[in-house]
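One structure is given here, and the rest of the page talks about it.
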Amino acid sequence: MPGIALLEWPAQDLRTAAIDYIQSRQTFGSVGDKPADLTLTIKAWLTMRSRNNYHYSLRLESALGPSEKPPIKSYLVEKETVGSSVRWITASDQTPIAEAVQAALDDLLSQIEADHLLYRNGPS
């Protein structure tokens with residue numbers, strides 16, 4: 001496929017997007033990147049492949065639980081978005097990556113919200 005071979009996605013972009021999204025969704029009383037009573041750990045993998053258009057796949061492996069203790073529950077989210085057929089600059093990746101991050105965070109937070117009693121009452 002024509003275009004550039006480099007895919008740039010700094011970890012700080014995901015960290016900022018996750019914190020901003022979680023704050024706006026108000027799932028938790030407060031959100032930050034410092035240690036707290038409850039910690040959400042997110043490991044992310046972003047892959048890009050080309051067919052007729054570029055496809056971006058985002059996998060989030062997450063765990064939530066009390067700080068300094070094993071997590072109460074783990075979550076897995078995988079989302080894919082489609083970009084343009086040509087990449088001339090890495091900025092062309094921003095929109096499809098942002099869409100994948102938004103969809104993945106929507107799914108992740110929906111799962112966490114469905115489990116809210118686990119985090120209020122602790123593990124059984």
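The values are calculated or read from the model by the stated rules, or taken from the named source; none is laboratory data. These numbers were taken from a predicted model, which means no experiment stands behind them. Cβ sites come from the backbone with ideal geometry, for glycine too, and all protein chains shown count toward neighbours.
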Practice task
Can you work out which of the residues in segment 76-102 that are under 11 Å from the mean Cα position of the chain (by Cα) and surrounded by 17 or more Cβ atoms within 10 Å (Cβ to Cβ) is nearest to Leu14 (Cα to Cα)?
Solution key: Val101
Practice task
Give the number of residues within segment 66-87 that are touching a helix residue (DSSP H, G or I) at 6+ places or on another chain (Cβ under 8 Å) and either aromatic (Phe, Trp, Tyr) or closer than 16 Å to Arg120 by Cβ (or both).
Solution key: 3
Practice task
Restrict the check to segment 59-75 and report whether at least one residue is part of a loop (DSSP other than H, G, I, E, B) and of a type in the set (Val, Ile, Thr).
Solution key: yes
Practice task
Report yes if some residue within segment 16-37 is charged (D, E, K, R), assigned to a helix (DSSP H, G or I) and at pLDDT below 85; otherwise report no.
Solution key: no
Practice task
For segment 1-9, state whether one or more residues are under 21 Å from Ile112 (Cβ atoms), at pLDDT below 90 and out of contact with any His (no Cβ under 6 Å at 6 or more places or on another chain).
Solution key: no
Practice task
From the list Ser92, Ser110, pick out the single residue that is modelled with pLDDT under 85 and part of a helix (DSSP H, G or I).
Solution key: Ser92
Problem - Residues located in segment 17-50, provided they are surrounded by fewer than 13 Cβ atoms within 10 Å (Cβ to Cβ) and either under 16 Å from Asp93 (Cβ atoms) or among the acidic types (Asp, Glu) (or both) - result: Asp20, Asp33, Asp37, Trp45, Thr47, Arg49
Handout entry: Residues that are surrounded by 10 or more Cβ atoms within 10 Å (Cβ to Cβ) and either touching a helix residue (DSSP H, G or I) at 6+ places or on another chain (Cβ under 9 Å) or closer than 30 Å to Ser92 by Cα (or both), drawn from segment 51-65
Key = Asn53, Tyr54, His55, Tyr56, Ser57, Leu58, Arg59, Leu60, Glu61, Ser62, Leu64, Gly65
